[in-house]
Amino acid sequence: MPRSTFSGSVTSPKVDIIVDLGNPFLNLTVDGFLKIGTVAATKVAAEEAYSIVKRGSVSHHNFEHSLKKMCKEGAYWGTVAGVYVGMEYGFERIRGTRDWKNAMLGGALTGALISAACNNGRDKIVTDAIAGGAVATAAEFLNYLT
């Protein structure tokens, strides 16, 4: 049976938007919002495109619904990312060091703030804070491995 192999490297294009608001805290927060918000909106666009292809029809209502969903998800995840990046940077400045503890504290506080903003109960806020701290810490440790 014939075989073929692929040799080489695959790279993706890199797009970087530089936002200068005159303050590193604001710069990082807005940068996190824009990058993750764009990823979330793109994810929704791909899901909605699949749904449209599966249904086999496009209508003005479906298109409008998809666009609203993209904006909503982009804004939500962008806000979460912006709050997290800002918190992590704030802890870095307060503690005077850059380590995994900043990620843990930033993730925990972000989880608690987002949960409280969604009018969740005390137990849910605590579990969301624990989850946010755990995910942020794990992501930080994974960054050290690569």
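The values are calculated or read from the model by the stated rules, or taken from the named source; none is laboratory data. Here the structure is a predicted model, which means the values were calculated and not measured. Neighbour counts run over all protein chains shown; Cβ positions are idealised from the backbone, glycine included.
Inclusion of THR11 among residues that are at pLDDT 90 or above and surrounded by fewer than 17 Cβ atoms within 10 Å (Cβ to Cβ) is not warranted. Out of PHE91, PHE63, PHE141, one residue alone is part of a helix (DSSP H, G or I), surrounded by fewer than 17 Cβ atoms within 10 Å (Cβ to Cβ), touching a helix residue (DSSP H, G or I) at 6+ places or on another chain (Cβ under 7 Å) and not aliphatic (A, V, I, L, M). It is PHE141.
Is it the case that some residue within the stretch 98-119 is without any contact (Cβ under 8 Å) to a residue 12 or more places away in the chain and surrounded by 14 or more Cβ atoms within 10 Å (Cβ to Cβ)? Scanning the stretch 98-119, I find at least one residue that is without any contact (Cβ under 8 Å) to a residue 12 or more places away in the chain and surrounded by 14 or more Cβ atoms within 10 Å (Cβ to Cβ), so the answer is yes. Residues that are polar (S, T, N, Q) and either touching a His at 6+ places or on another chain (Cβ under 8 Å) or modelled with pLDDT under 90 (or both) were ranked within the stretch 121-146; the one that is nearest to PHE91 (Cα to Cα) is ASN143. Annotation for the stretch 119-127: no member residue is under 24 Å from ALA45 (Cβ atoms) and assigned to a helix (DSSP H, G or I).
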